[in-house]
Amino acid sequence: MTTPYTGPLLGWYACHARDLPWRAPGTTPWSVLVSEIMLQQTPVARVVPAHRDWLARWPTPPALAAEPAGEAVRQWGRLGYPRRALRLHETATIVTARYGGTVPADFDVLLALPGIGAYTAAAVASFAFGQRHAVLDTNVRRVLARLVTGRARPAATPSVAERRMAESLLPAEPAVAAQWSVAVMELGALVCSAASPLCTACPVARDCAWLAAGRPAQPAGAGRRAQRYDGTDRQCRGRLLAVLRDSRAPATDADFCAVWADQAQLARALDGLVADGLVDPLPDGRYALPGHGSRRSSPRPAQPTASS
Ligand code: SF4
């Protein structure tokens, strides 16, 4: 479908798109998939160097699958939410075993891979294979909410109606639809930001419902609060994983105690890392990244103490 937005937005994207490695001509589907997993919860500026290093080390799924999962966790570094590294390793292993080492193009096959939800499957199918799918990430949802429905923010989760609306806006030609999807995403990142949309620089301002309505404020309580990080279990998990990433040797309880003072919280975070498969407990009581030692079959016998 051609809408009043299509031409102006595609023209704007042709002039203003950022030069990102996963958009470069000839980029591989694996590069796109890795970028989408990294971008799920990490800003572009931090993903660019991490993506470059990841692709330099593992340019194909079989290259990653040939190494232990713990190496993926180590390479993940400080990108956050490190379960994504494990899922990426699992995906590389499945792609290698079932699909000859080539990232599959089919949406439903992509959707069945570990860590790949509807958004990521649509993004990889669109950006790596030029298919026609509604790609509903946070930026796209915000732009479409303002542009089409005149609301400052979308609902917490996409509804069937929202998905249908997004699909109805897609140009008919698959390659053009893929360009449209990435263009809307880029507009949300560079112009139609959450806090301060630059409507005077927007290529679709003339047809924007929210702007026409005078940019009505978000109803009270509808926005998302910023999440605290300092002192959380998440920060503790990050510190413990950093101990393992920064050393080739397994870690002891004392190594962990040196980076986190609250023993109850440390024990909880460590149990969570073990349960998530990000850390392997070893028979000698130490801990390693997955695949870097023989796993202990029983749970940790006791919480670590400062003297242990
Ligand atoms: S006119 Fe403003 S609110 Fe509307 S899409 Fe453009 S930047 Fe967003």
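Here, each number is a calculation from the coordinates, and none is a lab measurement. Remember, it's a predicted structure, so these values are computed and weren't measured experimentally. Using ideal geometry, Cβ is built from the backbone for each residue, glycine included, and neighbour counts are taken over all protein chains shown.
Using a 7 Å offset from the Cα along the Cα-to-Cβ direction at both THR27 and GLN265, what is the distance between the two label points in nm, to one decimal?
It is 3.7 nm.
Could you give the length gained by full extension between ALA97 and ALA175, i.e. 0.36 nm per residue of separation minus their alpha carbon distance, to one decimal place?
Details: separation 78, 0.36 × 78 = 28.08 nm, distance 2.95 nm.
Full-extension gain reported as 25.1 nm.
What angle, in degrees between 0 and 90 and rounded to the nearest 10, separates the Cα long axis of helix 29-39 from the longest principal axis of the Cα atoms of the chain?
On a 0 to 90 degree scale, this one is about 80.
For ALA209 and ALA14, FRET efficiency with R0 = 30 Å and r from the beta-carbon atoms, rounded to 0.05? Display every interim value, and only then the final one.
Values: r = 25 Å, r/R0 = 0.82.
The calculated FRET efficiency here is 0.75.
Just how far, in whole angstrom, is region 1-29 from region 151-190 if you go by their alpha carbon centroids?
Here the answer is 13 Å between Cα centres.
Add -39500 (n - 2.57) for each DSSP H run of 4 or more in the chain, then divide by its residues: what number comes out at 222 nm, to the nearest 500 deg cm²/dmol? Intermediate values should be presented prior to the final figure.
Working: 15 runs with 151 residues, N = 308.
When only DSSP H runs of four or more count, the value is -14500 deg cm²/dmol.
If you add up the charges near PRO216, with Lys and Arg at +1 and Asp and Glu at -1, over every other residue whose beta carbon is less than 14 angstrom from its beta carbon, what do you get?
On the way: positive: ARG146, ARG151, ARG153, ARG215; negative: none.
Summing Lys/Arg as +1 and Asp/Glu as -1 gives +4.
Which parts of region 226-255 would a label at ARG286 reach, counting a residue when its backbone N lies under 15 Å from a point 7 Å out along Cα-to-Cβ?
Residues 243-255 fall inside that zone.
Comparing ALA261, ALA205, ALA50, which has the greatest mean-square fluctuation in the GNM of the chain with Cα pairs linked when under 10 Å apart?
ALA261
Pick from THR157, THR149, THR96 the residue whose mean-square fluctuation is largest in a GNM of the chain, springs joining Cα atoms under 10 Å.
Looking only at THR157, THR149, THR96, the largest GNM fluctuation is found for THR157.
Expressed as an acute angle from 0 to 90° and rounded to the nearest 10, what is the orientation of the C-alpha long axis of helix 174-190 relative to the principal long axis of the chain?
Here the helix axis deviates by roughly 70 degrees.
Can you give the angle from 0 to 90° between the axis of helix 83-98 and the longest principal axis of the chain, with both taken from C-alpha atoms, to the nearest 10?
The angle comes out near 80 degrees.
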